[in-house]
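Enquirer: Structure below; questions to follow.
Read-outs: derived from the displayed coordinates by stated rules, not from any lab. Computed from a predicted structure; not experimentally measured. We place every Cβ from the backbone using ideal geometry, glycine too, and count neighbours over all the protein chains shown.
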């Protein structure tokens, strides 16, 4: 055993376990794979043998991502500190061993899985992310699933439901018993309900005028909007379980619109309007001074949130909850032109889906991507009653990603518009 | 009654109520107040009589913020749509009436409270916001309060506690009975606990090595960090209630650091490092594939989040939870230089507060502004047990703002670093 290899064996317990009898247990590295240390020790180049290009890796990026068990726990926690990064500013030696790349820095020996290195190279990530970000065809048809499917213990149905919510942004579940006990059962398939200033599980039902505190609890129509925009992280999934919608009730159809699709069209047709709506900060607010739990929320953000590559990572839309803008004076004219136009593009969109919920149906959608509303209705002596709840957007994305891994699925997952940056 | 005034009376119910006998019930407008309609009807100028400058207001900004009861409900909900904004693109007439400004657009008559107009003018807001944003003196001394004070039904103590958490970012409550029943009582003073993938109420206590899933549940030291950075909106307030900390336990002191102060110093001393840390997107992650609730979270954002005026609105710091960076190749060198430097600035900071929690004490701090950690400890046969929970950052800000209004307090409130834009 060379002194170089011995250093790995000494420093890296998990590598030790994996190198015992390594000539037989190692996976093969890609044929033609070669590694070259730069003359100054500040990086290395990998030739994959698949493409003619070489990939460069920086000494500190490598040190920060060392995969030995000293540096990275099984739960993904890093223990690399500033001291390690400052000390290990040079690569002394590298060696390919099957599908592992052994690296010796100034004062630490570690290793990498070569395939991990290739697939995690910054530039390759960026290309994949941009491709995935291209919007698919707009969602104008509602995907439907059965209650039995989503409850099946194999989790295949649950995965399909979550995948619809990721790819299409919306899904209706049919055959759910029309009582609130089953609202909770549906919730538990998704995780914990997201608590807000309105509580956890809420009812949408017309109440007498003198009890009205939320316009949703009346018979009037609701314009297309997103819920609770005055939070940094507004609700992710919105789930509306139809408990009652009597045949005599006229109107009250749910409306839904893929906001991402409309916003991306605005970028094409009115690039300057798109730009101004991604710059002017808009206050969203909720004020409820009376009662035991007074609320005075205000949160400012642009209607369209972009990352450093100008990709859409968030959409914020709720005209009724807008507070008083304080744009720079030279932006006011342009803001109102853009705002008015997007308002019309949303409300006149041919992509709007209209659907009358039947008792026993559950409407689920991503509140960060889809706008929703309601046509006005007349109860005519009957009742329309929805029971609703929310799921945190990051927990939704996590649930889908974890389930996707458990079930061995390989479909790429769309950005959920939780404002997380792309690569 | 002029036809102009009659239009207001007809269109605006709340104004009608307020104008009945208006000559006596109106407050006086500032002496010397004058209003001038622009020649093209696209705006108006207000001369406050206090300063020589005139303030300009744009026709659409005014229309969007009309305060009549048709346009603005008592809960602050707006009903102004794109149609109103397009139609009412001209101001026909304006009139001062006591402290009210009556405005007649193309097809709508509404009104404003003049003092509201003055204090909500975009430019005045911006100046106030920038002044408030200037960091106060760094917090190196812990404010203390008594349990009795925060529970007092007058809410004065509760206000003071929340105000400390806003101004100083941290506060210790003493005299809290050392059982988990009282952890919940403390929580209910603040609102609803914020649910996360770790549940609602959690325990920090050393467990046998084979049960360990979180490094906090051991005796090792914890470097300065912020919790749950892999969420779009990580926990706001963190509350740690000391249930036990036996005299024989050696070490285990809590460490706290005002991250905002350190970051603002970095801006002064290393502007380019500050800039790069506000640009490179950093993945924060949590992976827990085993068990009934697998988790696979990843969220990308810069360490320092800025608004359009380059003011700090968010700080993200958790070295152990960092995933693999994908910076542009020409940013790698600079990123690691800046990251390493900030790492050292945090951990070597003279502002670090060290405190040994006693049973019956509650440590509370803003997890979005303060870094926290723990010195390693030895139980020596005794026990150290904290019960903790989180409060959503926006609900914290809302609670303080609402209480401040209810109690008639006028102290300005600091930004809570929830990434909401400044004016």
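Enquirer: Counting only other chains, and only Cβ atoms inside 10 Å, what mean value do you get across the residues of A:294-303? The partial results should precede the final answer.
Expert: On the way: counts 7, 6, 11, 9, 6, 7, 7, 5, 2, 0.
Across the residues of A:294-303, the mean count of other-chain Cβ atoms within 10 Å is 6.
Enquirer: Using a 10 angstrom cutoff on alpha carbons, build the Gaussian network for chain A and name the most mobile of A:156, A:219, A:268.
Expert: Of A:156, A:219, A:268, the Gaussian network model singles out A:268 as fluctuating most.
Enquirer: Inter-copy label distances at residue B:272, 7 Å along the Cα→beta-carbon direction, one decimal in nm, shortest first?
Expert: 3.6
Enquirer: Please state the shape class of chain A: rounded when a/c is under 1.5, otherwise prolate if a/b exceeds b/c and oblate if not, all from the C-alpha gyration tensor.
Expert: On the way: a/c = 2.55, a/b = 1.93, b/c = 1.33.
In terms of gyration-tensor shape, prolate.
Enquirer: Once a ≥ b ≥ c are taken as the square roots of the eigenvalues of the Cα gyration tensor of the range A:54-98, is the result rounded (a/c under 1.5), prolate (a/b larger than b/c) or oblate (a/b not larger than b/c)?
Expert: Cα axes put the range A:54-98 in the oblate bin.
Enquirer: Now, a different point. Between chain A and chain B, with a rotation axis joining them, whose C-beta in A is nearest that axis, and what is the whole-Å distance?
Expert: Axis-proximal residue of A, distance in whole Å: A:233, 2.
Enquirer: Rounded to the nearest 10 degrees, what's the angle between the helix A:332-347 long axis and the longest principal axis of chain A, both from Cα atoms, 0 to 90?
Expert: Roughly 80 degrees, rounded to the nearest 10.
Enquirer: Just need the relative contact order of chain B here, percent rounded to a whole number, with Cα pairs under 8 Å and 6+ apart.
Expert: Values: 778 pairs, mean separation 85.8, N = 423.
Value for chain B: 20 percent.
Enquirer: What percentage of all Cα-Cα pairs in the protein assembly as shown are separated by more than 55 Å? Provide the component values of the computation, followed by the final result.
Expert: Working: 52377 of 357435 pairs.
Looking at the protein assembly as shown, the distances longer than 55 Å represent 15 percent of pairs.
Enquirer: For helix A:259-269, what angle does its Cα long axis make with the longest principal axis of chain A, in degrees from 0 to 90 and rounded to 10?
Expert: The two axes meet at around 80 degrees.
Enquirer: Compute the label-point distances linking residue B:247 to its equivalents in the other copies; points lie 7 Å from Cα along Cα→Cβ; give nm, one decimal, shortest first.
Expert: For residue B:247, the other copies' label points sit at 8.0 nm, shortest first.
Enquirer: Provide the percentage of antiparallel DSSP beta bridges, counting only those with both residues in the protein assembly as shown; round to the nearest 5. Before the final figure, lay out each step's value.
Expert: Numbers: 132 of 138 bridges.
Here the share of antiparallel DSSP bridges comes out near 95 percent.
Enquirer: Angle, helix B:156-167 long axis vs. longest principal axis of chain B, Cα atoms, 0 to 90°, nearest 10?
Expert: The angle comes out near 80 degrees.
Enquirer: Next question. If packing is taken as the average number of other Cβ atoms within 10 Å across a peptide's residues, how do B:105-112, B:359-366, A:361-368 rank, most packed first?
Expert: On the way: B:105-112: 19.9, B:359-366: 22.6, A:361-368: 24.8.
Packing proxy ranking, top to bottom: A:361-368, B:359-366, B:105-112.
Enquirer: Calculate the length of the line joining the C-alpha centroid of the range B:32-50 to that of the range B:240-299, in whole Å.
Expert: The distance from the Cα centre of the range B:32-50 to that of the range B:240-299 comes to 51 Å.
Enquirer: With r defined as the distance between the Cβ atoms of residue B:405 and residue A:107 and R0 fixed at 56 Å, what FRET efficiency is calculated, to the nearest 0.05?
Expert: On the way: r = 58 Å, r/R0 = 1.04.
Using R0 = 56 Å, I get an efficiency of 0.45.
Enquirer: To the nearest 0.05, what FRET efficiency results for residue B:144 and residue B:218 with a Förster distance of 41 Å applied to their C-beta separation? Write down the numbers at each step before the final one.
Expert: Working: r = 29 Å, r/R0 = 0.71.
Plugging the Cβ-Cβ distance into 1/(1 + (r/R0)^6) gives 0.90.
Enquirer: Would you tell me the mean number of C-beta atoms belonging to other protein chains that fall within 10 Å of each C-beta in B:387-397, as a whole number?
Expert: Working: counts 0, 0, 0, 0, 0, 7, 3, 12, 7, 0, 5.
Mean partner shielding for this stretch: 3.
Enquirer: Along the Cα-to-C-beta direction of residue A:379, a point sits 7 Å from the Cα; which residues of the range A:225-246 have their amide N less than 18 Å from that point?
Expert: Output list for this probe position: A:242-246.
Enquirer: What distance in nm separates the two pseudo spin-label positions at residue A:211 and residue B:248, each 7 Å out from Cα along the beta-carbon direction?
Expert: The answer from the label model is 5.9 nm.
Enquirer: Let me ask you something else. Nearest 5 percent is fine: what portion of the DSSP beta bridges confined to the range A:131-406 is antiparallel? It would help to have the intermediate numbers written out before the result.
Expert: Details: 45 of 48 bridges.
For the range A:131-406, the DSSP antiparallel bridge percentage is about 95.
Enquirer: Another question, then. Say each of residue B:358 and residue A:272 gets a label point 7 Å from the Cα, pointing the same way as Cα to Cβ; how far apart are those two points in nm?
Expert: So the label points at residue B:358 and residue A:272 sit 6.7 nm apart.
Enquirer: Compute the label-point distances linking residue A:123 to its equivalents in the other copies; points lie 7 Å from Cα along Cα→Cβ; give nm, one decimal, shortest first.
Expert: 5.0
Enquirer: Calculated from DSSP H runs of 4 or more alone, at -39500 (n - 2.57) each and per residue, what is the 222 nm mean residue ellipticity of chain A, nearest 500?
Expert: On the way: 14 runs with 126 residues, N = 423.
Result for chain A: -8500 deg cm²/dmol, rounded to the nearest 500.
Enquirer: What's the average, rounded to a whole number, of partner chain beta-carbon atoms within 10 Å of each residue's beta-carbon in B:191-201? Mind showing how you got there, number by number?
Expert: On the way: counts 3, 6, 1, 3, 8, 4, 7, 0, 1, 2, 0.
For peptide B:191-201, the averaged partner shielding equals 3.
Enquirer: Assuming 0.36 nm per residue, please report the length gained on full extension of the stretch residue B:50 to residue B:329 beyond their Cα-Cα distance.
Expert: Working: separation 279, 0.36 × 279 = 100.44 nm, distance 5.57 nm.
Difference between extended and current length: 94.9 nm.
Enquirer: What is the range A:174-248 by shape, rounded, prolate or oblate, if you read a ≥ b ≥ c off the alpha carbon gyration tensor as root eigenvalues and call it rounded for a/c under 1.5, prolate for a/b larger than b/c, and oblate otherwise? Walk me through the numbers before you get to the answer.
Expert: On the way: a/c = 1.82, a/b = 1.06, b/c = 1.71.
Here the range A:174-248 falls in the oblate category.
Enquirer: Turning to a different aspect of this structure: As a footprinting exposure proxy, order B:144, B:202 by other Cβ within 10 Å, with the fewest listed first. Write down the numbers at each step before the final one.
Expert: Working: B:144 11, B:202 18.
Ordered from fewest to most neighbouring Cβ atoms within 10 Å, B:144, B:202 come out as B:144, B:202.
Enquirer: Select from B:64, B:270, B:303 the residue whose mean-square fluctuation is largest in a Gaussian network model of chain B (Cα-Cα springs shorter than 10 Å).
Expert: B:64
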